[in-house]
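What follows is a single structure, written as structure tokens, with notes after it.
The values are calculated or read from the model by the stated rules, or taken from the named source; none is laboratory data. All values derive from a computational prediction rather than experimental measurement. So basically every Cβ, Gly included, is an ideal-geometry build from the backbone, and we count neighbours across all protein chains shown.
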């Protein structure tokens, strides 16, 4: 196969990866995205770190500029948002996410005399920043799809920007206390590079919140699980998620396994810059400095040379 070549910059260069699952047709429930050519996909599984790598010939370079959101939600973005926001807490993946992030922030972040600042990368339906805004946080959303960014701005009231997270210029952006990637890193070929860029947006005392699919847990139920759908270049293990974090310059404070109310097998992680594990926290005057204002996010980031045609996917 000559298509995408996902990497986690592993020192073994994939020599321990072995064939695991193969597909000659679209599994039930997979997002019905139109691709040229025959449907063939395989997953390789690393015997050392437990990571899963997708292999196929399908060109997915322009998928997240609109095709993915269109195929997943169509004209139903607002209806899907309202449905998820209306779920009872015990049935909502997002409610559990919000509770856990608020609890971690309460124990990790220093006392601030301003609102906590969050940017959600690949915000999709923006249900997460919407709830965090309700909790009193100052939130922004970044998505490569204009319809998703417009939805985040108009429906949830958060600031939103359209752009490719891997290439856009962050020079005018404020620093954030929290950078979140909810079900995003599995969609990009180079998650280490994406995670590494989060340092450009993060306050020195801040943390990164990550959710990714848990491959080993999902594999126990067979190859038809949604964790192995073709849009996922990667499916993670606790060990490979820790490796990706380390390669990107972060250290994990916690990596947790859970099965969400929706049935998804998920790994969630709280990451801090590597130096923070061994160095003192900055002074209160640094932490509470307002710094730059939140960026003007109401226009397409292409004005700064960004391209929305690749990079971070749009997720709910």
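A few points about this structure:
- Of the residues 262, 285, 280, the single one that is assigned to a helix (DSSP H, G or I) and either surrounded by fewer than 16 Cβ atoms within 10 Å (Cβ to Cβ) or at pLDDT 95 or above (or both) is 285.
- Taken over region 197-218, the criterion of being farther than 23 Å from residue 159 by Cα and without any contact (Cβ under 8 Å) to a residue 60 or more places away in the chain is satisfied by 212, 213, 214, 217, 218.
- Of the set (1) within 16 Å of residue 270 (Cβ to Cβ); (2) surrounded by fewer than 24 Cβ atoms within 10 Å (Cβ to Cβ), all apply to residue 164 but (1).
- Screening residue 196 with (1) surrounded by 23 or more Cβ atoms within 10 Å (Cβ to Cβ); (2) more than 25 Å from residue 83 (Cβ to Cβ) gives one miss only, at (1).
- Scanning region 133-172 for residues that are within 26 Å of residue 110 (Cα to Cα) and touching a strand residue (DSSP E or B) at 6+ places or on another chain (Cβ under 8 Å) gives 133, 137, 138, 139, 140, 141, 142, 158, 159.
- Filter pass, residue 225 being farther than 22 Å from residue 12 by Cβ and either surrounded by fewer than 21 Cβ atoms within 10 Å (Cβ to Cβ) or out of contact with any helix residue (DSSP H, G or I) (no Cβ under 7 Å at 6 or more places or on another chain) (or both): no
Okay, residues lined up against (1) farther than 30 Å from residue 146 by Cβ; (2) within 21 Å of the chain's Cα centre (by Cα); (3) at pLDDT 85 or above:
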{"site": "1", "(1), (2), (3)": "yes, no, no"}
{"site": "5", "(1), (2), (3)": "no, yes, no"}
{"site": "18", "(1), (2), (3)": "yes, no, yes"}
{"site": "28", "(1), (2), (3)": "yes, no, no"}
{"site": "35", "(1), (2), (3)": "no, no, no"}
{"site": "40", "(1), (2), (3)": "yes, no, no"}
{"site": "58", "(1), (2), (3)": "no, no, no"}
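- When each of 269, 245 is tested for being part of a strand (DSSP E or B), buried (at least 22 other Cβ atoms within 10 Å of the Cβ) and either touching a strand residue (DSSP E or B) at 6+ places or on another chain (Cβ under 7 Å) or at pLDDT 85 or above (or both), the lone residue that passes is 269.
- Only one of the listed residues (191, 144) is crowded, with 20+ Cβ neighbours inside 10 Å, touching a helix residue (DSSP H, G or I) at 6+ places or on another chain (Cβ under 7 Å) and farther than 18 Å from residue 52 by Cα. That residue is 144.
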